[in-house]
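One structure is given below, encoded as structure tokens.
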Amino acid sequence: MRKLKRLLVLLLVIVTPFLLAACKSAKSPSSQTDKKVTINFFNQKPEITSQYQKLIKMYQKKHPNVSIQLTTSGQGGGAAALQSKFSSGEAPDIIMLGGLPEIDRYKDHLLTLKDMSAVKNTLPRLISGGMTEKHRLVGVPVDLEAYGWVINKEVFKKAGVDPDSIENYAEFVAAVKKIDAQKDKLGLQGVFGFNGADTNSITSMSAQFTSDYYQNDQVKAFDSKKFPWKKEQRMKEYLHLVKRYSVKPILSVKYDESIQDLFYNGEVAMIPQGNWVIPTLDGLQDNWTQDKMGMLPYFVKDDGTDELLTGSSWYLGVTNDHPSHQKIAKDFINWMYSSKEAQDVIINEMRFVPATKDFNTDRLPDDVSKEIYQVGTSKNAITPVHKQYPNGFANEVIGPMVQRYLVGKTSWDNLKKVVSNQYKQLKEVQSGQ
């Protein structure tokens, strides 16, 4: 009997640690699941705040122990607000990044994302826009945007101009003159509603004449210390055309006014923008985009190959500042890019064109978006490079210089000199060389 008791005691001594370990391992997942986790998402596109909030609620419903806090700051103040977050020790977990200069600023805080499922189906030519200078992928493109002339098809039709027949710069100029000749009859303030007050729009326009030089290599554009002037003559011609046929005074036209008043109300035939204006237009009137909106490229090559510039201005990154949040942050991004219910919100409410391969365009709600996807996935597609200009270049250099040129306060030669010198200086300072 004593031998049996000793044997039982010995077995308990041996087995108890294993039982305790098993209990701990059994409790571990449960305790992790029960723990409430809050991650922070920094958004720089105010116009889609409500849609992101909707996506967050959808995700939290599936993951009740996850809370995602959205902070939005944009309209020119996003970069400063984001830097303030990091400076105060409140680094977000997911951040929206505008171009490689911003990625470079936070590269030491950003995780490598190459193994994420959201990345695997990204359009290959957009990958370089989310890389560090050492070709480490840290950003996932938010969407596929198109840059060009947003046109009011109804105005064109009333003027007897078929936009599909315009294939080069000379034909574009002829169309502008034909519309201008009927300006009073059509009730137009000008052919163009060029928002000269907005330096960011001027910078986007400049990309029409600099992007082809880099052939979709965004890292090469970011590394370059020279502003490319290969297409300067056509850039100059377009600025002269805009100056002559746009609403006056040209520097008084603001971004919102050009879209919501002039363009929407048919008081101009076209504005220099992209498909990001779709939610605004359809918010003013259902199906306005489908019924009246079209897009034309800038005709720079004149060889029949000119297309809309298509790329992504914004990339999502995940920071390494809060290791316990990284898995959830990645999972949320993967869900947004793969879940049909999330994609339906992104496509139909944000009105984004997905920056992914093999997307079924039948799901896109308007013909403009379908055209953008077709152009953006073609072999001749060109990615705009203005987001790779150095920090401060848009608002402090090229924007103000073009504004001065448009009102006759500087010469073209002086504009070139200042832009070239300032571009080089900013690049050298920001690269630390």
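Across all directions, the shadow cast by the convex hull of region 109-256 built on its C-alpha atoms averages 11.7 square nanometres.
Helix 367-376 and the longest principal axis of the C-alpha atoms of the chain enclose an angle of approximately 80°.
Using heavy atoms of the protein chains and a probe of 1.4 Å, the accessible area assigned to Val429 is about 120 Å².
Per residue, the chain exposes an accessible area of 47 Å² to a 1.4 Å probe, with every protein chain left in place. Distance from the Cα centre of region 220-249 to that of region 337-415, in angstrom? With region 220-249 and region 337-415 each reduced to a Cα centre, they are spaced 17 Å. The alpha carbons of region 171-312 occupy a box of 46, 31, 31 Å along the principal axes, longest dimension given first.
Expressed to the nearest 5 percent, the antiparallel share of DSSP beta bridges inside the chain is 65 percent. Between 0 and 90 degrees, the angle of helix 49-62 with respect to the longest Cα principal axis of the chain falls at about 20 degrees.
Roughly what percent of Cα-Cα pairs across region 118-157 reach past 15 Å? Counting pairs separated by more than 15 Å, the tail of P(r) holds 54 percent. Extending 7 Å from Cα along the Cβ direction at Asp362 and again at Lys417 yields two label points whose distance is 6.1 nm. Potential lengthening of the chain between Asp115 and Thr305 amounts to 64.9 nm, from the contour at 0.36 nm per residue minus the alpha-carbon distance. Considering every alpha-carbon pair of region 242-293, the percent of pairs per 5 Å bin, from zero through the bin containing the longest distance, is 4, 19, 33, 24, 10, 8, 1. Under the combined filter of DSSP loop state and at most 16 neighbouring Cβ atoms within 10 Å, region 107-203 retains these trypsin sites (Lys or Arg not before Pro): Lys114, Lys134, Arg136. The C-alpha radius of gyration of region 274-351, expressed as a fraction of 2.2 N^0.38 Å, stands at 1.56. Taken over region 356-409, the convex hull of the Cα atoms encloses 147 Å³ per residue. Computed on protein heavy atoms with a 1.4 Å probe, the accessible areas place Glu133, Glu145 in the order Glu133, Glu145, largest first. Taking every pair of alpha-carbon atoms in region 265-318, give the share separated by more than 16 Å as a whole percent. Summing the P(r) of region 265-318 above 16 Å gives 57 percent of all pairs.
In region 316-433, the convex hull through the Cα atoms has an average projected area of 12.0 nm², a quarter of its surface area.
Among Leu126, Leu239, Leu188, the residue with the largest mean-square fluctuation in a Gaussian network model of the chain, with springs joining Cα atoms closer than 10 Å, is Leu239. Computed over Cα pairs, the Kirkwood radius of the chain leads via Stokes-Einstein (1.002 mPa s, 20 °C) to a diffusion coefficient of 90 µm² per second. Taking only the Cα atoms of region 149-236, the radius of gyration and Dmax are 16.4, 50 Å.
In the calculated pair-distance distribution of region 243-384, the portion above 18 angstrom amounts to 66 percent of the Cα-Cα pairs. Carbon-plus-sulfur accessible fraction, the chain (probe radius 1.4 Å, protein heavy atoms only): 50%.
Sparse packing (at most 13 other Cβ atoms within 10 Å of the Cβ) combined with a DSSP loop state is found for the following trypsin sites (Lys or Arg not before Pro) in region 347-416: Lys357, Lys379, Lys409.
The values are calculated or read from the model by the stated rules, or taken from the named source; none is laboratory data. None of these values were measured; they are calculated from a predicted model. Note that each Cβ is placed from the backbone with ideal geometry, even for glycine, and that neighbours are counted across all protein chains shown. Heads up: the accessible areas ignore ligands, DNA and RNA and are worked out on the full protein's heavy atoms, side chains in. Shrake-Rupley method; radii C 1.70, N 1.55, O 1.52, S 1.80 Å.
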